[in-house]
Amino acid sequence: MTSSNSDAARQPADPTHLRNGGASVVFAPDVFGVPAVAHWGAALDDADIPGLLSTATPAVMNSSLDIPRSFSITAGRAHGWSGTPTIEARAGDAVVDGFSLVETTHEGAEVRFVLRDAGATAEATFHYLLDDAGLLHATIALANITADRRIDITATRTLLPLPARAAEVVDFTGRWTHERQPQRAEIHDGTWLRSSRRGRPGHDSSFLTLTGTRGFRFRTGEVWAAHLAWSGNQEMRVERLPEGAGVHSAVLGGGEIMDAGELRLQPGETYLSPESLFAWSDQGIDGVTARLHASIRSRPEHPRAPRPLLLNTWEAVYFEHDLAALTVLATTAAELGVERFVLDDGWFCGRRDDSAGLGDWFVDETVWPEGLLPLSERVHGLGMQFGLWFEPEMVNPDSDLARQHPEWILSENPLLASRHQFVLDFSRGEVEAYILERLDDVITAAGVDFVKWDHNRDLHASLGAQGDRHVRAHTLGVYRVLDEIRRRHPLLEIESCASGGGRVDLGILARTDRVWTSDCNDPVERQQIQRWTQTLLPPELLGAHVGPTVSHTTGRHASFSFRAATALFGHAGLEWDLTAASPEERTGIAAWAALYRELRGLLHTGVTVRGDDVDHGALLHGIVSHDRREAVFAWVRTETSGTANTPRIPIPGLDPGATYRVRVREEIGAAGRHQVADPAWMSGDLTVTGAVLAQGLPLPVLNPGNALLLHLTTVSI
Ligand code: GLA
């Protein structure tokens, strides 16, 4: 349904109700005729809308405007919004603000509002789609409609209002090998701003911003969450003004941020923002996760083939590339059940350590005299796929590429090398062409099935040839190259790695098939990193590897069974010199590979659930099939138990009316116990209703660094 509102200020449009997936978003015109979000949350009936609107006008405040305040989708100072504006742009010297509605196109759970600013310089199209999972997708397109003026954009933000009961915010920080660490804060007046100016989201990226009722947890509380599907500079904010936001309290959202001059629209040009995603839940964080996973899994590009068990050579051999040794490693891997063999860094010209070679994407004949084909053929002959590492955006000053084309490199202060490398300017056509040609050539010649696409440094000044900032242009160039590689190699899968998990966002994942979750393979750290990364991403998109006994990044010692149980809950792999594994370890690996093959159908399609009521140092997480007939749980202890006994722990997400057979799966090794004997139910298979499991199972007190796997299947009685 399209309605035109050229006389918008005087003829407010009808309300628009998007309802889908158990959620509603309602837009209603404010006093200026501009749509404002009147509701984002629980599903409403159309019959509720008149009442919602008749209660949507706040009081007129003391010492304030003479009209009630509003917070519209184009909130800005021209309409009395004193918070951060939705659009920050200038047309010549004039501020782009004061929007009025031109047209509304509403169809089902999708609406498009077209607005023009007061100076008639820009046309903004706000697009909202509430998908079947109840996830709201929002974009802003800003067009320069002047004949002769340039528009400079520094930010466009999609901001949604929050009710006053959204009292706390949980967002994320971190560092290399310690990504996605949650931090919780009270929402106060002011701005809680998380921005990334690293040219990539970064290890500290607030990749998901969760706001919710006081004390919201995985299984309880009402939660409003936001994510930006973008791999460049960005911000996410929670902001509260003393006057609130209409009848709401605070606002949540964000967008891409640009430096002055970074985005200049000439007449006729249009900027399209990255997509913002918003999820509401009345079932805690798990409810947000359920919507996100369902929506992500419905994407046409979502990988559907079983996720192959892989071996990555990085922590196995580092730069020590040797065909004979790698052939032995590949043969051992295949014998133990590995399905994809990935040759990491070190295969290309001059790359004997991390100080040289990036950019020279030709096989180094001093190390690989016959090229990569002998290894690739051997790997394929063993029935495995062949994967290869690239870091296409980067260049070492010590490389032929840097020597031949210094002008291709984004300018930085020379002291700002990072891992001895700088960044190529992917907005340059010749860089794009060179990288495409090199990747294409190597992928084709070596029969590559999988690319690990790495990105090992932040972007800083990142100046183009004119001295202007190129983060946005570079990010779009990377997307273009990835899209083109996929077009040329439709069966190729790609992993997004950025020194581990420094680029985990749904922008890069629209053109890649998984992320390397973290360079840390220590299972104690990994339990937390995967738990929180999985809040946004389903486990089949999270690379999770069994590393060596002593972690290379933390020095911590971990049992095989704990490493294996941790890696099971992702897209599993190994990153370990298997030729040095003991016979017992090899038996364990083969059993684990079989368990992964048995369970991956469930693990990679089911619903992620996490228990709240566990004591400090323990974790309970699991995957439950959509029909709730099968589930796998991990009862994990990362620190010593403070209590001598573990009381009943509720097992979440099951069907209370179903009867389950509960089996302890210990084929990858028994979890170490800190007790004389297990709770009695563990002496044989248990048959019990979901209602009892919701009350909980007494679980064993495990020693730290152990995980117990429970496999539940329904039985008919
Ligand atoms: C980064 C990645 C690692 C590995 C190395 C290779 O650190 O995160 O997994 O690929 O680069 O240099």
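The values are calculated or read from the model by the stated rules, or taken from the named source; none is laboratory data. Everything numeric here is computed off the predicted structure, so don't read it as measured data. When we count neighbours, we look across all protein chains shown, and the Cβ atoms used for this are built from the backbone with ideal geometry, even at glycine. Side chains are part of the model used for accessible areas, which takes the heavy atoms of the whole protein and leaves out ligands, DNA and RNA. Shrake-Rupley method; radii C 1.70, N 1.55, O 1.52, S 1.80 Å.
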Inset, instruction - At least 3 residues that are of a type in the set (Lys, Arg) and away from the ligand (no atom under 16 Å from the Cβ) in each: list the helices (runs of 4 or more DSSP H) lying fully within segment 394-508 that qualify. - result: 471-488
Inset, instruction - Take Leu323 and decide whether it is open to solvent by 30 Å² or more (accessible area, probe 1.4 Å), of a type in the set (A, V, I, L, M, F, W, C) and more than 16 Å from the ligand (Cβ to nearest atom). - result: yes
Legend entry - Residue that is farthest from the chain's Cα centre (by Cα), among those in segment 540-560 that are part of a helix (DSSP H, G or I) and surrounded by fewer than 24 Cβ atoms within 10 Å (Cβ to Cβ): Phe560
Legend entry - Sole exception among (1) surrounded by 15 or more Cβ atoms within 10 Å (Cβ to Cβ); (2) touching a residue at least 60 places away in the same chain (Cβ under 8 Å) for Leu482, by number: (2)
Inset, instruction - All but one of (1) open to solvent by 30 Å² or more (accessible area, probe 1.4 Å); (2) in contact with a helix residue (DSSP H, G or I) (Cβ under 6 Å, 6 or more places away or on another chain) hold for Leu463, so report the exception by its number. - result: (2)
Legend entry - Matching helices (runs of 4 or more DSSP H) fully within segment 272-339 where at least 1 residues are of a type in the set (Ser, Thr, Tyr): 284-297, 323-336
Inset, instruction - From the list Ala141, Ala78, Ala124, pick out the single residue that is under 30 Å from Val288 (Cα atoms), open to solvent by 10 Å² or more (accessible area, probe 1.4 Å) and not in a loop (DSSP other than H, G, I, E, B). - result: Ala141
Inset, instruction - Of the conditions (1) closer than 16 Å to Glu168 by Cβ; (2) open to solvent by less than 10 Å² (accessible area, probe 1.4 Å); (3) assigned to a loop (DSSP other than H, G, I, E, B), Pro201 clears all except one; give me its number. - result: (1)
Legend entry - Selection within segment 660-683 - open to solvent by 70 Å² or more (accessible area, probe 1.4 Å), under 24 Å from Gln695 (Cα atoms) and either in contact with a Lys or Arg (Cβ under 8 Å, 6 or more places away or on another chain) or touching a residue at least 24 places away in the same chain (Cβ under 8 Å) (or both): Arg661, His674
Inset, instruction - Those residues that are more than 27 Å from Phe216 (Cα to Cα), among the hydroxyl-bearing types (Ser, Thr, Tyr) and open to solvent by less than 40 Å² (accessible area, probe 1.4 Å), I need them from segment 280-320; list them, please. - result: Thr313
Legend entry - Meets criteria (within 23 Å of Leu599 (Cβ to Cβ), in contact (Cβ under 8 Å) with a residue 60 or more places away in the chain and surrounded by 14 or more Cβ atoms within 10 Å (Cβ to Cβ)) for Arg628: yes
Legend entry - Tally, over segment 13-39, of residues that are part of a strand (DSSP E or B) and closer than 13 Å to Ala109 by Cβ: 10
Inset, instruction - Considering only segment 383-393, state which residues are within 26 Å of the chain's Cα centre (by Cα) and more than 14 Å from the ligand (Cβ to nearest atom). - result: Gln385, Phe386
Legend entry - The one condition in (1) out of contact with any Asp or Glu (no Cβ under 7 Å at 6 or more places or on another chain); (2) among the polar types (S, T, N, Q); (3) within 16 Å of the ligand (Cβ to nearest atom) that Ser561 fails to fulfil: (3)
Legend entry - Residues satisfying the stated conditions in segment 390-420, i.e. farther than 24 Å from Val342 by Cα and acidic (Asp, Glu): Asp398, Asp400, Glu407, Glu412
Legend entry - Members of segment 347-369 that are of a type in the set (A, V, I, L, M) and within 13 Å of the ligand (Cβ to nearest atom): Ala356, Leu358
Inset, instruction - Taking Leu599 as meeting all but one of (1) touching a Pro at 6+ places or on another chain (Cβ under 8 Å); (2) away from the ligand (no atom under 16 Å from the Cβ), write down the number of the exception. - result: (1)
Legend entry - Residue that is farthest from Gly387 (Cα to Cα), among those in segment 326-346 that are of a type in the set (A, V, I, L, M, F, W, C) and within 11 Å of the ligand (Cβ to nearest atom): Leu343
Legend entry - Within segment 226-239, considering residues that are among the small types (Gly, Ala, Ser) and either assigned to a strand (DSSP E or B) or at pLDDT below 95 (or both), the one surrounded by the most Cβ atoms within 10 Å (Cβ to Cβ): Ala226
Inset, instruction - Filter segment 514-526 down to residues that are more than 13 Å from the ligand (Cβ to nearest atom) and open to solvent by 10 Å² or more (accessible area, probe 1.4 Å) and give me whichever is farthest from the chain's Cα centre (by Cα). - result: Val524
Inset, instruction - Take segment 240-279 and flag every residue that is among the charged types (D, E, K, R), open to solvent by 10 Å² or more (accessible area, probe 1.4 Å) and in contact (Cβ under 8 Å) with a residue 60 or more places away in the chain. - result: Glu243, Asp259, Glu262, Arg264, Glu269, Glu275
Inset, instruction - Being modelled with pLDDT of 95 or more and more than 20 Å from Gly611 (Cα to Cα) narrows it down to one of Leu574, Leu536, so name that one. - result: Leu574
Inset, instruction - Being of a type in the set (A, V, I, L, M, F, W, C) and either within 15 Å of the ligand (Cβ to nearest atom) or open to solvent by less than 10 Å² (accessible area, probe 1.4 Å) (or both) is the filter here, so list the residues in segment 370-382 that pass it. - result: Leu372, Leu375, Val379
Inset, instruction - Could you check how many residues of segment 335-355 are within 31 Å of the chain's Cα centre (by Cα), of a type in the set (Gly, Ala, Ser) and more than 16 Å from Lys452 (Cβ to Cβ)? - result: 2
Legend entry - From Val102, Val96, residue being within 33 Å of the chain's Cα centre (by Cα) and modelled with pLDDT of 95 or more: Val96
Inset, instruction - Answer with yes or no whether Leu401 is farther than 14 Å from Ala445 by Cα, in contact with a Ser or Thr (Cβ under 7 Å, 6 or more places away or on another chain) and among the hydrophobic types (A, V, I, L, M, F, W, C). - result: no
Inset, instruction - Grab the strands (runs of 3 or more DSSP E) fully contained in segment 629-717, keeping just those with 1 or more residues being more than 28 Å from Ala590 (Cβ to Cβ). - result: 659-665, 686-689, 706-715
Legend entry - Odd one out for Glu575 among (1) more than 16 Å from the ligand (Cβ to nearest atom); (2) touching a Gly at 6+ places or on another chain (Cβ under 9 Å): (1)
Legend entry - Looking only at segment 334-356, and only at residues there that are in contact with an Asp or Glu (Cβ under 9 Å, 6 or more places away or on another chain) and aliphatic (A, V, I, L, M), the one that is nearest to Ala446 (Cα to Cα): Val342
